[in-house]
Amino acid sequence: MIRVEGLTKRYARTVAVDNISFEVEKGQIVGFLGPNGAGKTTTMRVLTCFMPPTAGSARVAGFDIMQQPLEVKKRIGYLPETPPLYPEMEVIEYLNFVGRLKGVSKAALKARIDEVIERCAIGDVRTKLISKLSRGYRQRVGLAQAIIHNPDVLILDEPTAGLDPKQINETRKLIKNLAGSHTIILSTHILPEVEQTCQQVVIIHRGRLVATDSVDSLTHRLRGSETVAVEVASSNGDLDPARIQERLEQVDGVTRVMFRETKASRHRFEVESAQGRSVRSDVARSVVQAGWDLYELHASSLSLEEIFLQLTATDQPETGATAQ
Ligand code: ADP
């Protein structure tokens, strides 16, 4: 649905986006993640044909952003960081206006407005002046204008910025419900947002692509090997953790066993395995065969935050704290 190839955008001497390429499948929600100044907004502006790239190309819904910008614009809904609202208009009046502007036919417009009002849950403010709306409602009206012409692709720039926690939750739910019928790129610098809302993540840092993958496989790839959390106890509660450690170290494929804590006579360990090895079933068998009770066994994965720090850690001279 979206294919970006070697995209570069320079502003005078600043290279805001530097030769990035990625693809987004139909119906997916992709998190476009990076710290402030990474180049997210610039990429979105290029994809929405708001400004041309310096080099490279992109296709949206089968159309080239340079050759067929009108076709691209018809198929894109864009919610910039600050929604393009007219405060002196009522919600319904505004949606009518935007719908006409985006080429929705008069005959279809009423049904479209009813649909977006329902999807964005703004029925109770339909006749209110936009200037009187809370930030959360304004954001939803912004989302309603972005989908009024039923675009294939939705591009949302920091859609939860400035909202309170309840509004953030509601907006994320709403976005999730829009996936499937729309392909969505959502830019954010908030890591949990990507974990909660998106299937795929594109990470950029200083204009460069750092990683693009599914959230799950990115975690796995970075870690390379698996870390498993194990909790073990004996029925009479007098088991020495050193015995468990020794036994776990003998399991085939295990490279390291770390004792974490003992709580309520249950001993907790983390077990690391060799690259590409999954040792969970062997660890389970070994514990049970020793006659011990296995209370918990699961693969512990890196949080997106840790992944992000790992990916961008090699390139951070600005802190400068230890320069000599
Ligand atoms: P993000 O959305 O990830 O915060 P931006 O795309 O807004 O990042 O910015 C990327 C880089 O480009 C930053 O260094 C920013 O200062 C610079 N930049 C953005 N817009 C302009 C502009 N209109 N003129 C000059 N530099 C700009």
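Candidates are the residues of the stretch 113-123 that are in a helix (DSSP H, G or I), in contact with a helix residue (DSSP H, G or I) (Cβ under 6 Å, 6 or more places away or on another chain) and not small (Gly, Ala, Ser); the one that is nearest to residue 137 (Cα to Cα) is 117.
Could you please find all residues in the stretch 10-21 being more than 8 Å from the ligand (Cβ to nearest atom) and surrounded by 22 or more Cβ atoms within 10 Å (Cβ to Cβ)? If the condition is that a residue be more than 8 Å from the ligand (Cβ to nearest atom) and surrounded by 22 or more Cβ atoms within 10 Å (Cβ to Cβ), then 20 is the only one that fits. Within the stretch 259-289, the set of residues being over 25 Å from residue 217 (Cβ atoms) and in a strand (DSSP E or B) comprises 259, 260, 261, 262, 263, 266, 267, 268, 269.
Residue count for the stretch 80-96 satisfying the condition of being closer than 16 Å to residue 46 by Cβ and either modelled with pLDDT of 95 or more or buried (at least 21 other Cβ atoms within 10 Å of the Cβ) (or both): 0.
Yes or no: residue 53 within 13 Å of the ligand (Cβ to nearest atom) and either open to solvent by 40 Å² or more (accessible area, probe 1.4 Å) or not charged (D, E, K, R) (or both)? Against the criterion (within 13 Å of the ligand (Cβ to nearest atom) and either open to solvent by 40 Å² or more (accessible area, probe 1.4 Å) or not charged (D, E, K, R) (or both)), residue 53 qualifies. Just for the stretch 67-79: of the residues that are open to solvent by less than 10 Å² (accessible area, probe 1.4 Å) and in a strand (DSSP E or B), which one is farthest from the ligand (Cβ to nearest atom)? Among those residues, the one meeting the criterion is 77.
From 166, 110, which residue is more than 29 Å from residue 61 (Cβ to Cβ) and not in a loop (DSSP other than H, G, I, E, B)? Break it down stepwise before answering.
Numbers: 110 fails: more than 29 Å from residue 61 (Cβ to Cβ).
Unique residue meeting the criteria: 166.
Could you please let me know if residue 169 is modelled with pLDDT under 95 and either more than 22 Å from the chain's Cα centre (by Cα) or more than 23 Å from residue 192 (Cβ to Cβ) (or both)? When the stated conditions are applied, residue 169 does not pass them. In the stretch 59-66, the condition of being away from the ligand (no atom under 12 Å from the Cβ), open to solvent by 50 Å² or more (accessible area, probe 1.4 Å), modelled with pLDDT of 95 or more and under 25 Å from residue 218 (Cβ atoms) is met by at least one residue. Listed by first and then second residue, the pairs linking a residue in the stretch 176-192 that is among the hydrophobic types (A, V, I, L, M, F, W, C) to a residue that is open to solvent by 20 Å² or more (accessible area, probe 1.4 Å) and within 16 Å of the ligand (Cβ to nearest atom), with Cβ atoms under 8 Å apart and 6 or more places separating them unless they lie on different chains, are 191/308.
For beta carbons closer than 7 Å, sequence separation of 6+ or different chains, a first residue in the stretch 142-163 that is more than 23 Å from residue 63 (Cα to Cα) and open to solvent by 10 Å² or more (accessible area, probe 1.4 Å) and a second that is within 16 Å of the ligand (Cβ to nearest atom) and modelled with pLDDT under 95, the qualifying pairs are 158/81; 158/187; 158/188; 161/81.
Which of the residues belonging to the stretch 178-196 are away from the ligand (no atom under 16 Å from the Cβ), open to solvent by 10 Å² or more (accessible area, probe 1.4 Å) and under 15 Å from the mean Cα position of the chain (by Cα)? Of everything in the stretch 178-196, those that are away from the ligand (no atom under 16 Å from the Cβ), open to solvent by 10 Å² or more (accessible area, probe 1.4 Å) and under 15 Å from the mean Cα position of the chain (by Cα) turn out to be 179, 192, 195, 196. Against the conditions (1) within 14 Å of residue 153 (Cα to Cα); (2) at pLDDT below 95, residue 50 satisfies every one except (1). Of 7, 33, all but one fail to be modelled with pLDDT of 95 or more and either within 12 Å of the ligand (Cβ to nearest atom) or touching a helix residue (DSSP H, G or I) at 6+ places or on another chain (Cβ under 8 Å) (or both); the exception is 7. Within the stretch 219-227, does at least one residue satisfy the condition of being modelled with pLDDT of 90 or more and either open to solvent by 20 Å² or more (accessible area, probe 1.4 Å) or touching a Cys at 6+ places or on another chain (Cβ under 7 Å) (or both)? No.
Candidates in the stretch 119-156 are the residues that are in contact with a Cys (Cβ under 6 Å, 6 or more places away or on another chain) and not small (Gly, Ala, Ser); of these, the one that is farthest from residue 171 (Cα to Cα) is 143. The one condition from (1) in contact (Cβ under 8 Å) with a residue 12 or more places away in the chain; (2) open to solvent by 60 Å² or more (accessible area, probe 1.4 Å); (3) not aromatic (Phe, Trp, Tyr) that residue 112 does not meet is (2). Hey, could you check the stretch 23-49 for residues that are part of a strand (DSSP E or B) and open to solvent by less than 10 Å² (accessible area, probe 1.4 Å) and say which is nearest to residue 71 (Cα to Cα)? So, considering only residues that are part of a strand (DSSP E or B) and open to solvent by less than 10 Å² (accessible area, probe 1.4 Å), the one nearest to residue 71 (Cα to Cα) is 24.
The values are calculated or read from the model by the stated rules, or taken from the named source; none is laboratory data. All values reported here derive from a predicted model rather than from experimental measurement. All Cβ positions, glycine included, derive from the backbone under ideal geometry; neighbour counts span all protein chains shown. Accessible surface is based on the protein model in full, side chains and every heavy atom, while ligands, DNA and RNA are left aside. Shrake-Rupley method; radii C 1.70, N 1.55, O 1.52, S 1.80 Å.
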